[in-house]
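S.K.: Next up is a structure, given as structure tokens.
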Amino acid sequence: ITSISSLTKLILEDAFIVFFFLQAEDGRRGRDVTGVQSVLFDLINALAEFGSKPIYLKADATDLKSFNGAINELLETYPIINGVVHSAIVLKDQSISQMSDSAFCETLAAKVDISVNIQSVFDKRDLDFILFFSSIISFFKTPGQSNYSAGCTFKDSLASSLTSSGKCLSNLGRASCG
């Protein structure tokens, strides 16, 4: 971590952050997460200098039961959640003709399943915002990224639908609140 921007510092003075690491309990993602968790804990400690120390919960947000359980655990300590940020990404770049079903689905799930689960878990809650990080790739033909593009396109469509229904959210720099 080299620096934290002035804007980030200002936001953190009044915010409380929760990180979810999207590693499935059964290890199906097959990654060595030690290095990632080390970086995450370094970030948590750096952010703690500017306000409340972020907390870290392990959940598979692609799995509704796991995600809902983590949110319920969070609500026991912090009964008010003001907003949600979805920035998960899985890149498995490969030509679609050469891509395995599992690689396609894993990338798609990081965008589609998590977005749907966020909507499901937070649908009845009075949030100030839902922020979906997507990609401009939804509008371009990028070789080897059909899975990622499909996920981002779904995420954009869901955000648009939620905006139309009066839900408060932000996506790709656009914001709408009821």
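The values are calculated or read from the model by the stated rules, or taken from the named source; none is laboratory data. Given the structure is predicted, the values throughout are model-derived calculations rather than measurements. Every residue, glycine as well, gets a Cβ built from its backbone with ideal geometry; the counts of neighbours run over all protein chains shown. Please note that ligands, DNA and RNA were not included when accessible areas were found on the heavy atoms of the full protein model with its side chains. Shrake-Rupley method; radii C 1.70, N 1.55, O 1.52, S 1.80 Å.
S.K.: So, with +1 on the Cβ of K and R and -1 on the Cβ of D and E, and no other charges, what is the size of the charge dipole of the range 49-126 about its Cα centre, to the nearest 20 debye? If you can, show how the numbers build up before the last one.
M.R.: Values: 7 positive and 11 negative charges, 20 e Å.
Using only the charged Cβ atoms, the result is roughly 100 debye.
S.K.: Using a 1.4 angstrom probe on the protein heavy atoms only, could you order 50, 41 from most to least accessible area? Write out the running numbers ahead of the final one.
M.R.: Working: 50 55, 41 90 Å².
So the residues, ranked largest to smallest area, are 41, 50.
S.K.: Could you state the accessible area per residue of the range 111-160 in Å², with a 1.4 Å probe and every protein chain left in place? Could you put the intermediate results ahead of the total?
M.R.: Working: 2500 Å² over 50 residues.
Per residue, the range 111-160 has 50 Å² of solvent-accessible surface.
S.K.: Hey, can you grab everything whose amide H is under 5 Å from the amide H of residue 130? Only 5+ residues off in sequence or another chain; H modelled, so Pro and N-termini drop out.
M.R.: Correct list: 84, 169, 170.
S.K.: Any number yet on Rg/Rh for the range 34-133, C-alpha, Kirkwood? It would help to have the intermediate numbers written out before the result.
M.R.: Details: Rg = 15.8 Å, Rh = 15.5 Å.
Looking at the range 34-133, the ratio lands at 1.02.
S.K.: Go through 56, 148, 78 and list them by solvent-accessible area, largest first, probe radius 1.4 Å.
M.R.: On the way: 56 60, 148 25, 78 85 Å².
I get 78, 56, 148, largest accessible area first.
S.K.: While we're looking at this one, here's another question. Relative to the present Cα-Cα distance, how much length would full extension add between residue 95 and residue 129 at 0.36 nm per residue of separation?
M.R.: On the way: separation 34, 0.36 × 34 = 12.24 nm, distance 3.57 nm.
Gain on extension, residue 95 to residue 129, equals 8.7 nm.
S.K.: Same structure again: Using unit Cβ charges (K, R positive; D, E negative) and no other charged atoms, how large, in debye to the nearest 20, is the dipole of the range 44-178 about its Cα centre?
M.R.: Details: 11 positive and 13 negative charges, 56 e Å.
Using only the charged Cβ atoms, the result is roughly 280 debye.
S.K.: Ignoring everything but the protein chains, give the 1.4 Å probe accessible area of residue 101 in square angstrom, nearest 10.
M.R.: Probe radius 1.4 Å; accessible area of residue 101 about 130 Å².
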